[in-house]
Structures are given as C-alpha cells and as structure tokens.
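Report on one structure; see the data block that follows.
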Amino acid sequence: MIQKMKSVLVVGPKSDFSQIVDVLYHMGTIHLEEVSEYLQPGSGNVRKILTCSMTDIPVLLATIEGISLLLPAVKDRSNLTAQRYEEISHLSTPEVIARVSHVVGIVGETVRDLSTKKSDLEIAITGLDRYEKIIDKIQPLEQQLPVLHGYEVTVLVIQKEYEDVLEIIRPALSDLTNGQFELISADLDEQTIAVITVFNKHYSENVHRFLFSKNINEVRIPADYSNMPLDKALLLIDKNRRDAGSEKDTIDNDLTRVSQEWGHELAALQKVLTERGEELSAYNNFGETDYTVMVLGWVPKKLIPKTRSALNEAFQGRVVMTETDATTETMDRAPISYDNPRWVRPFEFLMKLASPPQYNEIDPTPLMAIFFPIFFGIIVGDIGYGILILVVGLFIRFRFGAITWLRQISGILIISSFPAIFFGYLFGEFFGNFGQMMGWLEPVTLFGITWDRIEAMIPLLVLTIAIGVFHVVLGLAIGVVNSITRKNRKHTCEKCGMIGVIAGLILVLCLVAGLLPEALYIPAFILLGIAVAFVIYGGGTGGAIEIMGTVGNILSYVRLMAIGMASVILAMVANELGGSMDVLALGVFIAVMLHTLNLMLAMFSPSIHSVRLHVVEFYSKFYHGGGLPYRPFSSGDKPGMIDGKK
C-alpha cells in the first residue's frame, strides 16, 4: 500500500539556514518541493534562494577521489573514519573546504609523485618483460646475424596467417636500402614468425615509415640491449627488472604508509564534502524573506512526529514545521512511498516493470502478492518442482541476501513455491507422474472432479477462465473506485458498464448451456444493452472496441492451463524416456537432465506469464501509473527509512 504523505512547511530564522538544512538532510525524511512553484501572487517579499556558489566542492571532491584511488587499501579503519567524520561534520562548509584544501596540499603532491614513479616503473618492467621474451625467442638466430658497424637490427613479429606479407617486405626493403640489407625469418611458436632485418642506419627513417604504413608489428629493442650479445642482454634485462621491482616495492610501502596515516581522514572528508555538495545543490528549492527561510516538501505521516521532534531538539522552538492544506491537484503531485507488509515487499521488484502508481491510485502490489503465487502455483503444480524451487529460493536468500534485487527474487520464489506444492498435491504430481508411478500419491477428487491435469482438461479450462473473469472484474471494480476518487463520471460509467457486459455474457452463456431457466433470456439481454450503452457513453467508440479486448483478456488466462500442461508433458517424457533405457545409470542421467530443464522453465516461464497477466490483462483495467517516487533529502544511510524501507 501507499503510505499517507503530508505536505509540510518548515520556517525558521535566516541566521539558522545552514543548520536547518543540515538537520533536515541528516534526518532524511523530507521530499523537497520547489517553493517558487507554490508561491501565489501577492506572497509578499517571499523569494527563491539563488544557487549558492559551490564551485570549489566538485573540484575538491574529484581531487580527494583521485588521491583515494591512488592509495592502496589498508585494513579496516571504519571506526577511525566514523570518529573523524563526527568531528568534521560539525564544521561549517567554508571550514570543511579549508580543511580539504589543507589535507590535499599535504598529501596530494606526495601521492601523485609516488604514483607517477610507480607507473613509470610498471611500464618499464612490462617493457623489459617484452624485450626478454623477444630476445629469448630470437637468440637461436644470433649466429646467423652478420656483425657490421653502422647497421641497425629490427625485429618484426608476424602472425603465420599473414606470412605472405614477407613477399612484400623483401623487395620493398631491397628498393629502400639499395640492396644493403639482410632478412632472416624463423618460427617463434605455432602462431608467430620472427623476422630480423639488418640494414644501414642511413635508411632507417624510410624503412620504419614503410613498416608503419603496412601496419607491421615492429619490436625495437633499446640500444642498451641491442649492442651486445643476446645472452648478456638477457642478464642485463633481468638485473634491471629486479632493480625496478625493488624500487616499486619501496614506493608501495611509502603509499601504504600514507594510506595508513591519511586514509581515514580522506574518507571522512569525502563523505562530508559529498553531503555538503548535495545540500548546496538543493538550495534552489528553498525560499526566503528578509528574516526567515522556508523549506517546503512531503513527509510520510508516520514520520511527522520524529521530524518535528528533531527540529525542536535542535532549535528549541526557533524553527517550526507545520502541515499545509493540500488541494486535490497538489495531492496528485505527492511522492509515492510504499509501506507494505514484509510478505508483500518482494513483489515491489515486479512493480518496477510499470511506473509507480499515482498518489490517489490504489497500490496493486498487495494484489500481485496474492495472485502471482496462485498463478505460478497453478502453472507449476508439482510437489517435486515446488520443493526444489523453495530450495533455490532459500539458497539465493542465504548466499546473496545482501544484494537487494536478488533478495527480492528469492522472496518471490519462496512464497510461490508453497502454492506450487499445494497444487501439486491437488493434481497428484511429483516430478510429473513419477509419484503416481511409485504409488506415493493420486490426484485429489474435489467437487466430483478428479484433478488429473491430463484427464481433467475441460474442468481446468473452465477454472482458468473463471479465474480470468474474477481477476478482470476485480480490476474493473478497482477502476470504478479510482474514477470515483478522481470524480471522473465517464470513466465510472465505462468501468461499471464493462462489468455489466461481462455479467450479461456469462448469463447468456449459462442460458445457452441450459444451466439457467429460459425466462432469464430477456433480463440478460436487457442487462447487456444497458451495459453496452454505459460503455459507449463513458468510452465512446473506443469503449465499444474495448469490449472485445476485455473478452480477449479473460481468454488469456487459459495460458495458466496450457503452459502447465506443457510442463506436465515434458516431465512425463523425462520419466518415460529415462525408464525405457536398458542401462539404469543412463536412464537416471537422461531423466535428471530433462527434469532440470523443466525446473528451469518452471521458474522462468510461469513468472513471465504471471507478470504478463497482471501488467497487461489486470492493470489495464484500473492502473494509470506515472507517480513520483519518494526521494528524501538525505545522506546515504537514509535514516528516514521505515523498517528498512522508505
């Protein structure tokens, strides 16, 4: 359900403005509205507060975040951070900015210098690793290289699939160097070829330009390693890499020491600065006179006493919060805050498929929490699958419960597993007909019908259509309530007329089937005529067309039977196919694989179709949506939440 919201106005001395904003921000209960939108002509000298200058805050915040990213993580220091946060949070915004500038001046340059040196060393080590790999692979070719002064050695690495490029390189180098070159190639591994070229340094620029134009991977070994035997080059590379690694370790220790000394301070400053930035960005919503400031917004009714008490405690009566008179138009703009029972909350996840309800609408989440598990259970209708779905839901809850959306999905699975088990008992299904094959259970006989899904297709068809009639009529009835609340006479007539059309059609069908006396034919057609007239009056031509759409909506509920029937058949195929195998292990494997597939479908397909029946067939009868979510002006911990929920 949607919790009741109250429009409130907070008024206090202008001298306490910053403190008022800070208290409201840390309370986290008020959803801000822009005062200027509610100022009426003749409001006197009430005016909108201009945006405060906060140019320094984003810059300093980005600087702190950059420094924090460069510092290594150290052991948990959350207590120190929380303690420092409490100390800093009481400072004024200029004092916070000054403190941030001071800390950044001390820490920033040191961290940047160390990080730059570390980055240079990492690049150097990566390059040394690369050179070592190349030299190690071409070392067997060293004996084939001529020893010439004034000549340059270049290594090319070519993928074997492009080795035809050698036929282009050789003549091109001959032309560019006037024949003064050597070219040796050998396989590096199964995928690459090493090509070593030796040419006069006089032609170096032209050769490198040509290789670049052909997008050839050229490896230039630094002069420090190229003017010596390759085995000595490898030894020198190893020494330089160890030296660079040792220097990098020293820098890491220095950065760790800085992180231990300043990490908690930086984290606390970042949090305070973020909050101050959010506070300042909200200043445009506030109003002021020469001596007072005003904050307008929405607060959940149950949080009004808590908010008023906090303001009284902080300001000793200098700041007053009053509830304002809200018109119908104003209430249409009230934010939406769910306040559902615990068993309903998981289904708020499914409500995200549609926009939030408007404030004056009926929240359909509790209805989805009732009908979704029933629809799910009818489709699955198997004790074995229901138990496994329960196990999967519990596993997700205990393994990934910290992730909000996974916790909600696990709640939906857990709740929906029980109707699946119940209908499985009704249908006599345990992994399809396996329970019946083993003599463990039989379909229940109720109202003179044995509810075996394979045998009782007609009763199931009637049952699902009856569920569709009830669900659609319920949606139309809610639509009547909504239209009466909004004082929309035509919509009221249209919804009532549609209910009358459904009732008239049911009467006619019962008369045709001989279930009712023929004397009711005339009243049934009179009811149909009056109902159609109401629909046309309320909805015009579109309303008349909607009659067929509503009939189609009701027939859509047949999917509850059809999809469930497909699941039963697949389970039976798994049992029959597994049992027909001569090798027991193979039969069990096949049966388990098919049942696993069916289980995955049993969690996915029933969920999709149950949601569709709600969103398309049910919600279309009453739901408009387009509401504004409740977003309190608050810090990240949202102290204004109710029972863990906003």
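Structure notes:
- Tilt relative to the chain, helix 56-70 - C-alpha long axis, 0 to 90 degrees, to 10: 60 degrees
- Helix 559-579 and the longest principal axis of the C-alpha atoms of the chain enclose an angle of approximately 60°.
- By average C-beta atoms within 10 angstrom, highest first, the peptides 64-71, 443-450: 64-71, 443-450
- Helix-only mean residue ellipticity at 222 nm for the chain, each DSSP H run of n ≥ 4 adding -39500 (n - 2.57), per residue, nearest 500: -20000 deg cm²/dmol
- Counting only Cβ charges, +1 for Lys and Arg and -1 for Asp and Glu, the dipole size of the chain around its Cα centre is about 2380 debye.
- Which of S634, M1, N284, positive extreme of dipole for the chain (C-beta unit charges): M1
- Counting only lysines at least 8 places from K214 when in the same chain, those with an alpha carbon closer than 22 Å to its own are K160, K201.
- The string of couplings for the range 528-537 from the Karplus curve (6.51, -1.76, 1.60, θ = phi - 60°) is 4, x, 5, 5, 5, 4, 4, 4, 5, 4 Hz, one whole number per residue in order, with x for Gly and Pro.
- Local net charge near R170, Cβ-Cβ under 13 Å (Lys/Arg +1, Asp/Glu -1): -4
- Sorting F434, F422, F375 from the fewest to the most surrounding beta carbons within 10 angstrom yields F422, F434, F375.
- Entry note: the range 254-396 has Rg to Rh equal to 1.14, where both radii use alpha-carbon atoms and Rh is the Kirkwood radius.
- Normalised by 2.2 N^0.38 Å, where N is the number of residues, the C-alpha radius of gyration of the chain stands at 1.47.
- Per-residue 3J(HN,Hα) values for the range 460-476, derived from phi via the Karplus relation 6.51 cos²θ - 1.76 cosθ + 1.60 with θ = phi - 60°, read 5, 4, 5, 4, 5, 5, 4, 4, x, 4, 4, 5, 5, 5, 4, x, 5 Hz in sequence order (x marks Gly and Pro).
- Neighbourhood net charge (13 Å Cβ-Cβ; Lys/Arg +1, Asp/Glu -1) for A268: +1
- Given K6/K271; K14/K302; K118/K271; K306/K352; K75/K232, the pairs whose alpha carbons are separated by over 32 Å: K75/K232
- The range 345-624: equivalent-ellipsoid semi-axes (sqrt of 5 x gyration tensor eigenvalues, Cα, Å): 39, 26, 13
- The chain: angle of helix 166-176 to the longest principal axis, Cα-based, in degrees nearest 10: 40 degrees
- When only Cα pairs below 8 angstrom with a gap of at least 6 residues are kept, the chain shows a relative contact order of 22 percent.
- Check: the range 345-624 dipole with +1 on Lys, Arg Cβ and -1 on Asp, Glu Cβ, in debye: 1140 debye
- Listed residues G500, F422, P72: farthest to the positive end of the dipole of the chain (Cβ charges): G500
Each reported figure results from applying straightforward, stated rules to the coordinates on display, with no laboratory input. If you're wondering where the values come from, they're calculated on a predicted model, not measured in any experiment. Positions of Cβ are generated from backbone atoms using ideal geometry, with glycine treated the same way; all protein chains shown enter the neighbour counts.
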